[in-house]
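All remarks here apply to the structure that follows.
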Amino acid sequence: MRGTPLLVQMYILYYALYGVGFMLGQIAEVRHGLLWRHLDATWYAAVALTINRAGYSGEILRGAILAVPHGEVEAARAFGMTKWQIVRRIMLPRAIRTSLPTFSGETILLLKATSVASTITVTELLRVADVARASSFRIEETLFSAAIIYIYAFLSFVLTRAFYFAERQLDKDRLPPNPVTPAAAVPAK
């Protein structure tokens, strides 16, 4: 799945699967009533986006799990933890902490990839801008405003800030301790 373009995956899901399902539905409709209904295009787009990004996300998480130092796992075994306790208490927190910056980038890329869904009749931001462009004949203004909404104005900014906040919350134990002032430096009363 990582090697094929998102647009091709959407076309295969939306057009090819619908055609196969429609033919099966026509055959089954004669015997058992309506078996297959055409789902809304939003569902096909969601499945295509999920399939497309799942391969990359799986590799990111696999790499983060492999990056957990072996000494920490051995120390957990020495304490008598079971395999699931080691995964839950040692490996997953460390892997999530390691992979969170990369997942934030993947989430932004997923947000920007939703514009491809307009090719299969999903009404999303680019589709609305295209309809506005067709009715007003203002090409630059509509596409520029869609780009601002996607990138700067709201969506990417909010997601970036949310991931930054999550990274800061997970890295509190890595911050240096507050310096302790010596007793001589404290003014006497």
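Read the figures in this text as sums done on the coordinates, not as results from a lab. Nothing here was measured: the structure is a model prediction, and the numbers come from that model. Cβ placement follows ideal geometry from the backbone for every residue including glycine, while neighbour counts extend to all protein chains displayed.
Going by the structure shown, is ALA132 in a helix (DSSP H, G or I), in contact with a helix residue (DSSP H, G or I) (Cβ under 8 Å, 6 or more places away or on another chain) and under 27 Å from TYR14 (Cβ atoms)?
On the way: in a helix (DSSP H, G or I): yes; in contact with a helix residue (DSSP H, G or I) (Cβ under 8 Å, 6 or more places away or on another chain): yes; under 27 Å from TYR14 (Cβ atoms): yes.
Yes.
Somewhere in region 78-86, is a residue of a type outside the set (Lys, Arg), under 25 Å from ARG168 (Cβ atoms) and crowded, with 17+ Cβ neighbours inside 10 Å?
Applying the first criterion (of a type outside the set (Lys, Arg)) to region 78-86 yields 78-82, 84-86.
The next check asks that each one be under 25 Å from ARG168 (Cβ atoms); those that pass are none.
Checking region 78-86: not a single residue is of a type outside the set (Lys, Arg), under 25 Å from ARG168 (Cβ atoms) and crowded, with 17+ Cβ neighbours inside 10 Å.
Does region 105-115 contain any residue that is under 16 Å from the mean Cα position of the chain (by Cα) and over 21 Å from MET10 (Cα atoms)?
Applying the first criterion (under 16 Å from the mean Cα position of the chain (by Cα)) to region 105-115 yields 105-115.
In the following step, the residues that additionally are over 21 Å from MET10 (Cα atoms) were identified as 105.
The answer is yes, given that some residue of region 105-115 is under 16 Å from the mean Cα position of the chain (by Cα) and over 21 Å from MET10 (Cα atoms).
Tell me yes or no: at least one residue of region 45-53 is among the basic types (Lys, Arg), assigned to a helix (DSSP H, G or I) and under 25 Å from ALA162 (Cα atoms). Walk me through it before giving the result.
If we filter region 45-53 for residues that are among the basic types (Lys, Arg), which is where we start, we get 53.
Okay, now just the ones that are also assigned to a helix (DSSP H, G or I), so 53.
From the residues that got through so far, the ones that are under 25 Å from ALA162 (Cα atoms) too are 53.
Yes, region 45-53 contains at least one residue that is among the basic types (Lys, Arg), assigned to a helix (DSSP H, G or I) and under 25 Å from ALA162 (Cα atoms).
So TYR56 clears everything in (1) closer than 30 Å to THR123 by Cβ; (2) not in a helix (DSSP H, G or I) except one condition, right? Which one?
With respect to (1) closer than 30 Å to THR123 by Cβ; (2) not in a helix (DSSP H, G or I), TYR56 is out only on (2).
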